[in-house]
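Below is one structure, written out as structure tokens; comments come after it.
Any read-out appearing in this document is the output of simple, stated calculations on the displayed coordinates, not a laboratory observation. The shown structure was predicted, so the numbers you read here are calculated from the model rather than taken from an experiment. Glycine also receives a Cβ, built like all others from the backbone with ideal geometry; neighbour counts cover every protein chain displayed.
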Amino acid sequence: MLTLDLTNAPRWHDLAPGVRVQLRPLTTALMVATRSDAAVEAVSEEASDEERAVAFAKALARRAVLAWEGIGDADGKPIDPSPEAIDALLDIWPIFEAFQLTYVSKGLLLEQEKNSSALSPNGPSAGASGTATPAKLRAKAARRG
């Protein structure tokens, strides 16, 4: 069952020991705005899926991050989120992976469930085409012992 959280309140997500970020809910409006982000649209057609994923994650994080804890500058002084600081944070591989797993993938899992478990309009095999070629000869019966 799909449960709806009608509060739509920001939530804290732990990305690493001592590092957490407060993020807006992953809504349709946020995803649509991120898809049309200039940095996402600037990714070349020849870019790899990984390059596209990084550009999208950074654009999404720039829109979603409201606050954070445990993040500081080179001198160890706490800093506030800024577009440059958010991009630098996501350049750290374990942080990027945690952001993808705890925030982005939750929204995409629902999309995958919708895409993979939807029935065909007229039954499970409607519109399906055969992929195996027909056998040329009948198979021989198995020997009996």
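Here are some notes:
- The P(r) of region 11-117 has a tail past 23 Å containing 28 percent of all C-alpha pairs.
- A Cβ-based charge dipole, computed about the Cα centre of region 11-117 with Lys and Arg at +1 and Asp and Glu at -1, lands at about 580 debye.
- Over region 1-54, the pair-distance histogram of Cα-Cα distances with 5 Å bins from zero comes to 4, 14, 16, 17, 18, 17, 11, 3, 0 percent, rounded to whole numbers.
- Shown here for region 18-96: GluC sites (Glu not before Pro) in loop regions (DSSP other than H, G, I, E, B) with at most 11 other Cβ atoms within 10 Å, namely 45, 46.
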